[in-house]
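S.K.: Once you've had a glance at the structure underneath, I'll fire off some questions.
The values are calculated or read from the model by the stated rules, or taken from the named source; none is laboratory data. Note that the coordinates shown come from a computational prediction; the quantities given were computed from them, not determined experimentally. All Cβ positions, even for glycine, are placed from backbone atoms using ideal geometry, and neighbour counts span all protein chains on display.
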Amino acid sequence: MPSKVETLRPSTFETIDASVLEWVSNVLDIYATTNEGWKKVPVVWMTAERAFQVKHKKEARSKDSEALVFPMMTIERSSVDKTDVSKRPMPGNVFPVDDYRKGSITVSRRINQKKTKNFANADRLKSPVNQLNFPTPKNEKIVYESYSIPMPTYYDIVYSINLRADYQQQMNEMMTPFMTHAGGINQIMVEKDGYTYEAFIDDSYSIDNNMSSLAEEEKKYETTVKLRVLGFIVGTGENQATPKKVIRENRVQVRFRREAVIVGDIDQYPKTVDEAYED
């Protein structure tokens, strides 16, 4: 039996971080000229522990000295600021439903075909047709499943993308995709797990090198690109006590129980037809 795939995941800081990493690594897909030819520039996330980096990407370090091999790009989350109320897509607060499941915003809705079919078949059996799955002109009793999530919290997140190279030619090749992406427009879209975040590339680039005071230091070229992402967080992650997504169904029929003995109704299930009409 195939496992059920979860398609609706909450947006977290990890989701936003991964969207930026995939955009730099896969969308830009930057290559540079090295001593071994035209090679892809590796992208490293700065929060990873050194022991993990050494084991995960052995080609990123020299076999002899364990020093990093350049050119290389690193990404670091520099700052996180809550978005101003006037700049949020939803400036007001949508309060959750007052029950144990909560859920504030409905994001999707679909028909529960099994329960809708059961209501239609029940009506068909009560009709003169008295046949299951008989075509009906219009079924008014449709059961919908509505999916709702907590109220998103919006943040302005700044990422520092550091470009490091040994030669000026490598730095030029690495900087050009950032400057010319999408026709030179600084607005881009980054995606991960079905979520899309709007991001902006800073117009100014921080360039640094040690050419004026080389002395005994290793020659280096560094450029820092600032990327501001308009992200949002849904829920509280693993600390959330309520469901990450809430599924509710609508009411299609209201029934009232009645006491046949009190109101004097005829028994609905008589033993014989003659007994039902003796009185």
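S.K.: Please identify the pairs in which a residue from the range 94-121 that is within 13 Å of Asn139 (Cβ to Cβ) and aliphatic (A, V, I, L, M) has its Cβ atom under 7 Å from the Cβ atom of a residue that is modelled with pLDDT of 90 or more and in a strand (DSSP E or B), counting only partners at least 6 apart or on another chain.
M.R.: Ile111/Tyr144
S.K.: Among the residues of the range 124-157, which ones are buried (at least 16 other Cβ atoms within 10 Å of the Cβ) and either within 21 Å of the chain's Cα centre (by Cα) or acidic (Asp, Glu) (or both)?
M.R.: Hits for the range 124-157 are Tyr147, Ser148, Ile149, Pro150, Met151, Pro152, Tyr154, Tyr155, Asp156, Ile157.
S.K.: Here's another thing I want to ask about it. Looking at Phe178 and the list (1) surrounded by 13 or more Cβ atoms within 10 Å (Cβ to Cβ); (2) within 27 Å of the chain's Cα centre (by Cα); (3) not in a helix (DSSP H, G or I), which single condition is not satisfied?
M.R.: Unmet for Phe178, out of (1) surrounded by 13 or more Cβ atoms within 10 Å (Cβ to Cβ); (2) within 27 Å of the chain's Cα centre (by Cα); (3) not in a helix (DSSP H, G or I): (3).
S.K.: Across the range 219-254, what is the total count of residues that are exposed (fewer than 10 other Cβ atoms within 10 Å of the Cβ) and either modelled with pLDDT under 80 or farther than 30 Å from Glu140 by Cβ (or both)?
M.R.: 3
S.K.: Let me ask you something else. Filter the range 128-147 down to residues that are touching a helix residue (DSSP H, G or I) at 6+ places or on another chain (Cβ under 7 Å) and either within 29 Å of Ile105 (Cβ to Cβ) or among the hydrophobic types (A, V, I, L, M, F, W, C) (or both), then give me how many there are.
M.R.: Residues meeting the conditions: 6.
S.K.: Can you pull out every residue in the range 187-204 that is surrounded by fewer than 14 Cβ atoms within 10 Å (Cβ to Cβ) and in a loop (DSSP other than H, G, I, E, B)?
M.R.: Gly194, Asp203, Ser204
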